[in-house]
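*Asks:* I have a structure here, written as structure tokens, and I will follow up with some questions on it.
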Amino acid sequence: MLIIGRPALVISEFQRGIVDPAVSRLPALAEQAESRDVGARIGVLAEAFRAAGLPVVHAIIEHRPDLIGLRANSALSAMARKRRTMIAGSVDVEVPEPATPREGDLVSSRATGLTAFYGTDLDAMLRLTDTRVVVVAGVSTNVAIPGLALEACNRGYHVVLPEDATADASAETHRFMLDNLPVHGHEDHDRRRGRGRAEGGRRLLGRQPLSPPPAIQSSPALAHSRGTFMPLKDLTTVLYEVDDHVATITLNRPERLNSFTETMTLEIEAVWHEVRDEDDVRAVVLRAAGERAFCTGLDGPWWNDQNQWNQEDPGVRLGPRKQFVWKPVITAVHGIAAGGAMYFLNESDIILCSEDATFFDPHANGGLVSALEPIGMLARNIPLGDVLRRALLGNDERITAETALRLGIVTEVVPREQLWPRAAELAAQIAARPPEAIQGTIRAIWESLDMTPSLAQRAGLSYTQRGNRGGSPVPPNVKRKPRFR
């Protein structure tokens, strides 16, 4: 089962107080970890990640000496309080060889709770390292690893479990837990249901064998994310080309007004991955073929055969930000932009439109709830009253190019024949600038939208400190005639 995205190895609770038979208060778990040679396997995995320049994160337990916050509301917490185990500074919290942290590894320490994300900076570490796939190793498959995996899925990561780099207190419980993880997409479940392809989305993708070591280093899950769900040469609904550091993506279903199907959705996702991972691409122009429309949204749902709790918003695949693309996207809109077209617009950096462009939401006329696209518009600070008016009046009212400019949906309106050249001109100007600075700027701004103002300021400062090393506060003395708008 092929998955994509930059991976990180998260090693769960592989510490002497848990896995070292000489000091562990959980002797059965320590015996299983030793007999399964989990430490050696984790060591091999970690070295493969380091060699590939990928993050290795040690998620450890480290209780405060005063035990503040550690409540006896679970069997594990009660034992820790009673026996004073896993106290910071004690031998219990040490990570034994060959899994010991090396230079460059990250350590996420947890003082309370049962799982690695609770009360820690693990999520921030993963996002700041552009991680999209969490490879979980360590102990135990009874509580900590299932909890870590489920929480990672909830936060939007793909999850891979190298089964033979994990352990539980007995072989029977280990196998039972892995075979019954209650997450759709488990490898064995997919085989039983006859689904041989990767359906995508953020979910647990099942047990993956670790051995032999050569397979580790060649696995798509452990490589830099150059792979995609499909080769770009096989695209059928999207055109993709790169010229002078600018990628041009063209929606290419004009006979259906560029509405998106499952195929187009998967192809768009594959293209965003290529844009993200190809350093030669510094800016993107997104446009659409045909005379009548940029995009008219969804061309029929393809997920009706799925349990409603397994259904996903297609916008997760269509938008560049959901794919962790931090390169500037200039979108050129002509003709009709209806309904789900906002998935593209809501995550674009600069939006231009031609004088004939119109924007509307057909959901109400079809008796459908309109929620996801309007919510995305609100995130762009489109006035609430105008978002509601668009959503409630459906096909009966169209937003013109002039009104879209006034509302901030677009930033420029040009004649139709100038639309594509103007978008290409802006992309080329941006692509000529240092790419690290541009991408850092985009990432800082977009990520701030999910933060409180004070946290956004702190995160913004960290980006300037990371991204401005070696740069000059004074721009090069390049004479350009300024443009006014």
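The values are calculated or read from the model by the stated rules, or taken from the named source; none is laboratory data. It should be emphasised that the depicted structure is a prediction, and the values quoted were computed from it without experimental measurement. Neighbour counts are summed over all protein chains in view; Cβ atoms, including those assigned to glycine, are modelled from backbone coordinates with ideal geometry.
*Asks:* Which is within 28 Å of Ser448 (Cβ to Cβ) and surrounded by fewer than 18 Cβ atoms within 10 Å (Cβ to Cβ), of Arg321, Arg317, Arg380? Outline the logic, then answer.
*Replies:* Working: Arg321 fails: surrounded by fewer than 18 Cβ atoms within 10 Å (Cβ to Cβ); Arg317 fails: surrounded by fewer than 18 Cβ atoms within 10 Å (Cβ to Cβ).
Answer to the selection: Arg380.
*Asks:* Exactly one of (1) touching a strand residue (DSSP E or B) at 6+ places or on another chain (Cβ under 7 Å); (2) assigned to a helix (DSSP H, G or I); (3) in contact (Cβ under 8 Å) with a residue 40 or more places away in the chain is unmet by Leu178. Its number?
*Replies:* The single condition Leu178 does not satisfy is (3).
*Asks:* Could you tell me which numbered condition Gly113 fails, if it satisfies all but one of (1) under 25 Å from Thr173 (Cα atoms); (2) in a helix (DSSP H, G or I); (3) of a type outside the set (Phe, Trp, Tyr)?
*Replies:* So Gly113 meets the others, but not (2).
*Asks:* List the number of the failed condition for Phe176; all other conditions in (1) over 29 Å from Lys322 (Cα atoms); (2) buried (at least 21 other Cβ atoms within 10 Å of the Cβ); (3) aromatic (Phe, Trp, Tyr) hold.
*Replies:* (2)
*Asks:* Just to be sure I understand, how many residues within the range 250-270 are touching a strand residue (DSSP E or B) at 6+ places or on another chain (Cβ under 6 Å) and surrounded by fewer than 24 Cβ atoms within 10 Å (Cβ to Cβ)?
*Replies:* Summing the residues that are touching a strand residue (DSSP E or B) at 6+ places or on another chain (Cβ under 6 Å) and surrounded by fewer than 24 Cβ atoms within 10 Å (Cβ to Cβ) in the range 250-270 gives 3.
*Asks:* Further, regarding this structure: Only one of (1) over 24 Å from Leu70 (Cα atoms); (2) buried (at least 21 other Cβ atoms within 10 Å of the Cβ); (3) among the β-branched types (Val, Ile, Thr) fails for Ile145. Which number is that?
*Replies:* (1)
*Asks:* Search the range 358-371 for residues being out of contact with any Asp or Glu (no Cβ under 9 Å at 6 or more places or on another chain) and part of a strand (DSSP E or B), and hand back the single one that is surrounded by the most Cβ atoms within 10 Å (Cβ to Cβ).
*Replies:* That would be Phe359.
Here is a yes/no grid of residues against (1) in a loop (DSSP other than H, G, I, E, B); (2) surrounded by 12 or more Cβ atoms within 10 Å (Cβ to Cβ); (3) without any contact (Cβ under 8 Å) to a residue 24 or more places away in the chain; (4) among the basic types (Lys, Arg):
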residue: Asp386; (1), (2), (3), (4): no, yes, yes, no
residue: Arg390; (1), (2), (3), (4): no, yes, no, yes
residue: Leu419; (1), (2), (3), (4): no, yes, no, no
residue: Ile430; (1), (2), (3), (4): no, yes, no, no
residue: Ile438; (1), (2), (3), (4): no, yes, no, no
residue: Arg443; (1), (2), (3), (4): no, yes, no, yes
residue: Met451; (1), (2), (3), (4): yes, yes, yes, no
residue: Ser454; (1), (2), (3), (4): no, no, yes, no
residue: Tyr463; (1), (2), (3), (4): no, yes, yes, no
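*Asks:* Kindly indicate whether Asn154 is under 21 Å from the mean Cα position of the chain (by Cα), surrounded by fewer than 19 Cβ atoms within 10 Å (Cβ to Cβ) and modelled with pLDDT under 90.
*Replies:* yes
*Asks:* Further, regarding this structure: Among the residues that make up the range 396-410, is at least one of them farther than 27 Å from Glu447 by Cβ, surrounded by 19 or more Cβ atoms within 10 Å (Cβ to Cβ) and more than 28 Å from the chain's Cα centre (by Cα)?
*Replies:* Scanning the range 396-410 turns up at least one residue that is farther than 27 Å from Glu447 by Cβ, surrounded by 19 or more Cβ atoms within 10 Å (Cβ to Cβ) and more than 28 Å from the chain's Cα centre (by Cα).
Let's see how each residue does on (1) of a type in the set (Ser, Thr, Tyr); (2) more than 21 Å from Asn258 (Cα to Cα); (3) in a helix (DSSP H, G or I); (4) at pLDDT 95 or above:
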| residue | (1), (2), (3), (4) |
| --- | --- |
| Val316 | no, no, yes, no |
| Trp326 | no, yes, no, no |
| Ile330 | no, no, no, yes |
| Glu347 | no, no, no, yes |
| Asp356 | no, no, no, yes |
| Glu373 | no, no, yes, no |
| Asn381 | no, yes, no, no |
